[in-house]
Every structure is written in structure tokens, then in C-alpha cells.
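Each remark here refers to the structure printed beneath this line.
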Amino acid sequence: MHSAQPTTTYRGLDNSSDPAWRWDPRTQACQLALTLDEISGRTSFRAMSLVELLRNADRIPALAGLTPGENVAVFEYLTAILYASEHVPESPREWRRWVEDRESLEPAADWLAGEPDDRWDLFHPDRPLGQNAQLAPFLEKYGVGHAQLVIERAGDYNQFFDKSHLHDPDPMQPDIAFRAMLTQHTYGLGGRAMAKASWMGPQLTYQAVARLGGRIRVIATGQTLGDTLRLNLVPGRDRRPTFNYSWTDGRRPRRTFRSGKEPRLPDGRADLHSFLGRSVLLRPVLVDGRVMVDRVLLAAGELLAPLPPTYLQDAALTRTTNYEGPLRPNAERAIWQEAHALYAAAADRTKGADLYDRLADLPDRTVNLWAVGLISRKSAASKWVSDAFPYTPGLRVDLKWASDEGSAICEYAAKALWAAAATAREAAYPSAKPKDRAPQIARFNGARDMWAGAAASFHALLDSVNAGRRPDAGPLETFAREIRASTRKALRSRLASLPPGERGMRARILSEAKLKTMLTAAKCPDHLRGDPDD
């Protein structure tokens, strides 16, 4: 006996106003959250609407989306709603009271619940939430599978040829599509869209990197979602709150795509956190009476002008030979390897008005600095990276010191492993061709193994210091001892691939001697210095 095939209905002009085609994230579950029962103390997962997220913010330990980037995108959207509702502290003093007294977010929830329904309809025929209805004439012919909407599934953004990987026979649920759309607006990468110049202008096809697509976003997280939202609010109301409901929501003219780049600065923080970094249009279908998404068009959206520091209050600034600016995700280095830059952002600054300065007014309050980024190779997403670092403002000097010293210890250990690997290569293959030398050194270099094993020790170091122990009163010595041991282990593991016989034995002896020389040299960091065999 065969099961009945689902009945699929496509929207036409005669049914565009049917309530079955509406989907409103204010009232329908759009985000999974970890919830806390205050009586039993138990946690559970629950799907919530935007209004529910705000009403229950102080009973939600955290958002529970599929990826760190998705969680950040929803957090940004909730932040935009707070600014649009004008329920924000007006001064640093009021901000501190909000944080300490757990100011209720109910007024923002009430504002959101009272908004006109047609502003929040994901499938409104003229003003679809977060989308560009001007793409509608092209959706039927050129729309592709909904997988394009999900950054991790879309593959290379330069999608000119084979699009079969974007097809999915099962339509996408509207809540998943909503979150994926927010993530595109927030983290979308650069590249050529499938849009044609004849649609709306030649610039429509050139997608720019979205606001957070090229940098690490840092969020101070508290014990609950409400706590986290309050911690990260910037005091002061927008002169005229502007929330981006859709591309055709009636606000001042949007980008035209017919001339060159047309960047703009946000009107305020509501505009910034709801910025439409993509032109998106979803095609809804009814599957057995439930509204779903089966196709999507994606093209260039609005362009941000270079943002002033007031809009980059969380940024951990870094400087290299070729770059100076906010910390960026790096495929070669885990976020914890750049934690010293983050702690420097929190400690090495004059009094101003950014996130870390406000946190400094809460000297005994412990938060986590949650860092999230998207690693990409040109126009193709690679993976999400995230990490959290403990932070108590009253201990910021000690935390910076521990992070600086811990980083220096690992960097030096990596150099020592490279030197030992070069020594092994020279002894084992003295007549190697120049093109073979780098791969041979890489074969014996245990730095990658050392870095991989150091993450847990580094976090333990920071936790110990954040608990009140001075870095030089044991934590750094423990950390350095663990790194010294893992360095020795990493080298010996790599040297196991040396060829047997006298030459291999000689290469092993010389390589281990080189490591010992490096780790006992005067230039070796004090806490790391010592015989690797001790």
C-alpha cells in the first residue's frame, strides 16, 4: 500500500491574501532556545517566537541554533528590535542599573507584539520580511533550490554553472529559512550571484561581504539571554529608529544597482543590526496546508560604508605587516591563539565609551567573551569558528598578562619544533632537492600537534587566573610544564617516521638535541625554559 503523496499548492494572484500563506516570526516558533525552569532548576529545549524570546529572556540561558553564526544573527536581530522599540538605557549609568537590576525586556516585547501584522509577514506579496520583492518577476524562472540560502550548504558563491547541489526535494520549513536569511544578511560572503544585469542593474550580481562576514564578532555573555542582551546594548536612543522590515518597506530609497558602489552609513543601531546585506526572495508553497519554502533567489544587497568606531564597539583590534583592523577569522589559527588581542582590547585602552569600558564599571562581574567568525576561502564558506574566554573586569590586567605569556610560550614552542624538524630533515636527507625540503620539514614538524593539544591547557590557565589566582603563582608554571611535555611528545611522534638505520638514529639524536637547546636558551620564555625530558 503506497502512502499518499503530499499535496503541494503554489500561490497565485487569487490566493495571495489567504491566511494560510502568512508566517510571522513574532507569533510562530522561529528559534530553538535552552530554557530554565526556575522551580526545578532543569533545562530543556523549546522553540520560541521572537516575542516569547524577549518575554522569557531571563529564563533562557542561551539560544540553541544549528551554528554559532545563526545564533549571532538571531541575537543581532533581537538587538535591532530593542533599539527599534526604543527600550534601551540612555546613559552608561542607566546601563549599569539595567544590568545590575535585570531591567525587564517586556516593553520591547509589547512593542513588537503591537506592530502592524503586514510588516512581519515572511511571505507578504509586496513587503516580504527581510526580502527584496523586486526579484519577484524572476523567481519562477531563475530561482534555485533553497539550499542556496544556507551558507554552509551553498558552497562556492560563484555559482554560474552546475546548481544541482542546491536542489532539495523536501521544502524548507519557514523558521529554518528565516534564520538562514538572517545569517546571510549578517555573514554573507562576496562573490558573483546568479542574478542578471538586465533585471535591476549590472551591480545586482556582485555580492559584497556582509557586515560580520570578514571579522570576529565578540559578545559579552551573561547567565541568560536577557543578561547578554543588556550587557551588549549601547546606551543612547537612535535619533530616528529605522528598522529594516523589507527592501520595499517605504524607507528612504534603497540601492539601485545601476551605477557603481552605493554604500551608506546606518541611520542608527536599529538600522545597523537589521541591515539587509543581501537581496533575498523566498518562494512559498503550501504542502498539505503548511506554508514552506521550495525556491530562493539571492543577489547583492545594500552596501555598508566603512563604519566608525562607535559601530565597532566589540572589535578586538589587531595589527600585522599587511593588516590593521578588527580581528579576523583565520583558517591557520584557532581563535584562542588570538585571545591575547581580545584581552588587549579589554585592558589596553583609554577611558572611552565602548563595550569593554562599560564592563570595567562592573569590576567584580564575570562574563564570557564569546568570539564567533566564519572562515572562508575566497567566495566559499569553510567553517564556523567560535570560542569563549572568561573575563572579570577587575582582573583584566592579570588576564591580559596570562594570555600574553601563554601565547608567547606556545609561539616559542612552535619555533623550537620547527627548528628541530629542520635539523632532522638536514640530517636524514642532506642531499634533498630544494623543492622537497619544505614538505620534509613539515613531515617532522610537530607544531600543529602541539597547538591542537594546547587549547585545553590555555583555557585552564585563563580559568585559574579568572578565579583569582595570580598568573605567576602557579598557573603559568603549570601551563608551561604541560606545553613543554606536549612539545617533546609532538616531536618524538613526528620523528617516528624517520628512516631506520644509522642515518635515522643520528637525525633523531640531533633533532632532540636541537629542541633541548631551544628550550634551555636564554631567549626562551622564563616559564617554558627547562629540559624537555624533565
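Values for this structure:
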read-out: Filter result (in a loop (DSSP other than H, G, I, E, B) and either over 17 Å from Leu50 (Cα atoms) or open to solvent by 10 Å² or more (accessible area, probe 1.4 Å) (or both)) within the range 78-120; value: Glu86, His87, Val88, Pro89, Glu90, Ser91, Arg102, Glu103, Ser104, Gly114, Glu115, Pro116
read-out: Pairs where the first residue, in the range 49-73, is under 24 Å from Asp110 (Cα atoms) and the second is in a loop (DSSP other than H, G, I, E, B) and open to solvent by 40 Å² or more (accessible area, probe 1.4 Å), C-beta under 7 Å, 6+ apart; value: Ser49/Thr27; Ser49/Gln28; Ser49/Ala29; Val51/Thr27; Asp58/Arg102; Arg59/Glu38; Pro61/Gln223
read-out: Which listed residue is touching a helix residue (DSSP H, G or I) at 6+ places or on another chain (Cβ under 6 Å) and farther than 29 Å from Thr67 by Cβ, from Trp401, Trp384; value: Trp401
read-out: So Ala496, is it open to solvent by less than 40 Å² (accessible area, probe 1.4 Å) and either under 37 Å from the mean Cα position of the chain (by Cα) or within 20 Å of Pro532 (Cα to Cα) (or both); value: no
read-out: Checking Arg127 against (1) open to solvent by less than 60 Å² (accessible area, probe 1.4 Å); (2) within 23 Å of Gly188 (Cα to Cα); (3) touching a residue at least 40 places away in the same chain (Cβ under 8 Å), the condition it does not meet; value: (1)
read-out: Pairs, first closer than 13 Å to Leu149 by Cβ and small (Gly, Ala, Ser) in the range 173-200, second open to solvent by 20 Å² or more (accessible area, probe 1.4 Å) and outside any helix (DSSP H, G or I), C-beta under 8 Å, six or more apart; value: Ala180/Val150; Gly188/Val209; Ala193/Tyr206
read-out: Boolean, Leu276 is part of a strand (DSSP E or B) and either under 21 Å from Thr186 (Cα atoms) or of a type outside the set (Lys, Arg) (or both); value: no
read-out: Unique residue being small (Gly, Ala, Ser) and open to solvent by 60 Å² or more (accessible area, probe 1.4 Å) when the list is Ala447, Ala452; value: Ala452
read-out: Subset of the range 251-297 (residues that are in contact (Cβ under 8 Å) with a residue 12 or more places away in the chain, among the basic types (Lys, Arg) and surrounded by fewer than 21 Cβ atoms within 10 Å (Cβ to Cβ)); value: Arg254, Arg258, Lys261, Arg264, Arg283
read-out: Filter result (open to solvent by less than 40 Å² (accessible area, probe 1.4 Å), part of a helix (DSSP H, G or I) and closer than 19 Å to Ala456 by Cβ) within the range 369-426; value: Leu399, Ala402, Ser403, Gly406, Ser407, Ile409, Cys410, Ala413, Ala414, Leu417
read-out: Any hit, the range 76-89, residues being of a type outside the set (A, V, I, L, M) and over 30 Å from Gly277 (Cβ atoms); value: no
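The values are calculated or read from the model by the stated rules, or taken from the named source; none is laboratory data. Just so you know, these numbers come straight off a predicted model, no measurement behind them. Because the Cβ atoms are built from the backbone with ideal geometry, glycine has one as well, and the counts that use them run over all protein chains shown. Ligands, DNA and RNA are stripped out before the accessible areas are found, and what is left, the full protein with its side chains, is counted by its heavy atoms. Shrake-Rupley method; radii C 1.70, N 1.55, O 1.52, S 1.80 Å.
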